[in-house]
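Student: First, the structure itself, so that you have it in front of you.
The numbers here are math on the coordinates, done by the rules we state, and not lab data. If you're wondering where the values come from, they're calculated on a predicted model, not measured in any experiment. Cβ atoms come from the backbone with ideal geometry, glycine included; neighbour counts cover every protein chain shown.
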Ligand code: NAD
Ligand code: UDP
Ligand code: UDP
């Protein structure tokens, strides 16, 4: 059935892929973004589609539209961007969630929150299951994002319990792919750009910290699958690729795949940088029949080609 779907943060990396897939599935998409970290280029190819509408709007302000479903993705996601204006980051997570939940309540829409593995902080349990409550420094430099997202989860569950809203909470683990901004600052895009330019690969700390990297197509499929689960399934549910790699391993793979002459340069480890992270995705497998299908090598190859084109066009 054709639905009218709101995607906040639709001009960003994940949001633009999500808008594209929802349009391909025959839905009408309303994309809302203030272009804080996203850009027009991510969605310019969608503007000629009659089923696509773009609205420049900041989700910290109320939004009155009529929709059947809401994917709430608006929020800067890269540490360098979310730490530039930390107060705005918390406002976006918290006021943004309140406004989108208020909207969902009024129009009786299903609403999905793009939460994050950051709610687990620097985890003392490994791999992380949804039952783990996390280990977050509430006053550190990452807190504006981590605690903002944790408070948004709180709001989602309170609107669910208090107002019977149909909510879905996805805890997204590190995701990468085409359309990450050149200045995004996250590890995959940084390393690929540095490798393609034969510049030093900036490994923070000793590079032994681990992350799990999910390719964007798998993630978007997971978000839509989650939205389509039965009303009684709220999550939170982990969405990510359980393959676990050290940052140093990632650097070495990218150097090999690009044939780069880059060397590795160690820079100081940012404060509160989580030492390990790997999703337990049994819940997503059981309830949604979802698991990633693109391995790191395949996903990196596609992403490297994307950045090669982008750098070539500059
Ligand atoms: P992104 O920075 O590319 O996209 C975020 C989008 O939100 C941007 O287009 C930005 O302009 C927009 N935005 C920010 N503040 C806004 C506001 N106040 N009002 C309206 N729009 C606003 O990042 P992304 O990787 O696409 O992340 C999308 C969502 O997924 C975020 O909520 C992020 O926290 C979550 N997430 C992403 C990852 C990942 O690895 N990519 C992991 C966990 C969670
Ligand atoms: N809101 C919105 N769009 C709507 C309905 C509500 O942006 O269609 C905002 C509204 O500004 C309010 C917030 O969502 O601040 C929470 O709404 P709710 O109805 O839950 O609370 P209340 O209005 O009673 O504070
Ligand atoms: N990182 C790095 N070099 C970079 C960017 C990031 O070594 O140029 C490390 C960072 O310290 C962290 C991991 O890579 O341990 C993932 O960082 P990212 O900013 O992509 O996401 P995070 O999971 O920290 O939010």
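Student: State, as an integer percentage, the relative contact order of the stretch 97-252 based on alpha-carbon contacts under 8 Å between residues 6 or more apart.
Tutor: For the stretch 97-252, the relative contact order is 27 percent.
Student: Order 165-174, 148-157, 134-143 from most to least packed using the mean count of other Cβ atoms within 10 Å.
Tutor: 165-174, 148-157, 134-143
Student: Turning to a different aspect of this structure: I need to check one value: relative contact order of the chain, counting alpha carbon pairs closer than 8 Å and at least 6 residues apart, in percent.
Tutor: Across the chain, relative contact order equals 17 percent.
Student: Taking the chain as the reference, fit the longest principal axis to its C-alpha atoms, fit the long axis of helix 296-312 to the helix C-alpha atoms, and give the angle between the two in degrees, 0 to 90, nearest 10.
Tutor: With rounding to tens, the tilt is 80 degrees.
Student: Using just the alpha carbons, could you tell me how many Å³ per residue the convex hull of the chain encloses?
Tutor: 123 Å³
Student: If I model a spin label at residue 231 and residue 154 as a point 7 Å from the Cα along the Cα→Cβ vector, what separation in nanometres do I get?
Tutor: Reported label-point gap for residue 231 and residue 154 is 2.8 nm.
Student: Report the residue, chosen from 122, 16, 261, that carries the largest GNM mean-square fluctuation when the chain is represented by alpha-carbon nodes joined by springs under 10 Å.
Tutor: 261
Student: Would you please calculate the Kirkwood hydrodynamic radius of the stretch 92-235 over all C-alpha pairs and express it in Å, rounded to one decimal?
Tutor: This gives a value of 17.1 Å.
Student: Further question: Relative contact order of the stretch 1-149, please, whole-number percent, based on alpha carbon pairs below 8 angstrom and at least 6 residues apart.
Tutor: 22 percent
Student: While we're on this one: Principal axes first, then extents: for the Cα atoms of the stretch 189-239, list largest minus smallest coordinate on each axis, whole Å, largest first.
Tutor: The Cα atoms of the stretch 189-239 stretch 49, 22, 9 Å along the principal axes, largest first.
Student: Quick one: what do you get for the stretch 216-314 if you divide its Cα Rg by 2.2 N^0.38 Å?
Tutor: Normalised Cα radius of gyration, the stretch 216-314: 1.36.
Student: Could you state the orientation-averaged shadow area of the convex hull built on the Cα atoms of the stretch 247-301, in nm² to one decimal?
Tutor: The Cα convex hull of the stretch 247-301, projected and averaged over all directions, gives 5.5 nm².
Student: Same structure, new question: For the stretch 84-150, what is the per residue volume of the convex hull drawn over the alpha-carbon atoms, in cubic angstrom?
Tutor: Given the Cα convex hull of the stretch 84-150, per-residue volume reads 94 Å³.
Student: Compute the long axis of helix 86-107 from its Cα atoms, compare it with the longest principal axis of the Cα atoms of the chain, and write down the angle in degrees, 0 to 90, nearest 10.
Tutor: Its long axis makes an angle of about 30 degrees.
Student: Need the C-alpha centroid separation for the stretch 231-247 versus the stretch 69-95, integer Å.
Tutor: 20 Å
Student: I've got another one for you. Please find, in a Gaussian network model of the chain (springs between Cα atoms separated by less than 10 Å), the residue of 32, 87, 59 whose mean-square fluctuation is greatest.
Tutor: Looking only at 32, 87, 59, the biggest GNM fluctuation is shown by 87.
Student: Taking just the alpha carbons, could you work out the radius of gyration and Dmax for the stretch 49-171, both in angstroms?
Tutor: Using the Cα atoms of the stretch 49-171, the pair Rg, Dmax is 15.0, 49 Å.
Student: Residue separation times 0.36 nm, minus the C-alpha to C-alpha distance between residue 84 and residue 24: what's the value?
Tutor: Gain on stretching residue 84 to residue 24: 18.1 nm.
Student: Across 10 Å bins from the origin, how do the percents of Cα pairs in the stretch 36-88 run, short distances first?
Tutor: 17, 45, 32, 7
Student: Follow-up question, since we're still on this one. How far is helix 216-227 tilted, in degrees, relative to the longest principal axis of the Cα atoms in the chain, given as a value from 0 to 90 rounded to the nearest 10?
Tutor: The two axes meet at around 20 degrees.
Student: Residue 267 versus residue 49, label points 7 Å from Cα toward the beta carbon: distance in nm?
Tutor: Here the modelled spin labels are 3.6 nm apart.
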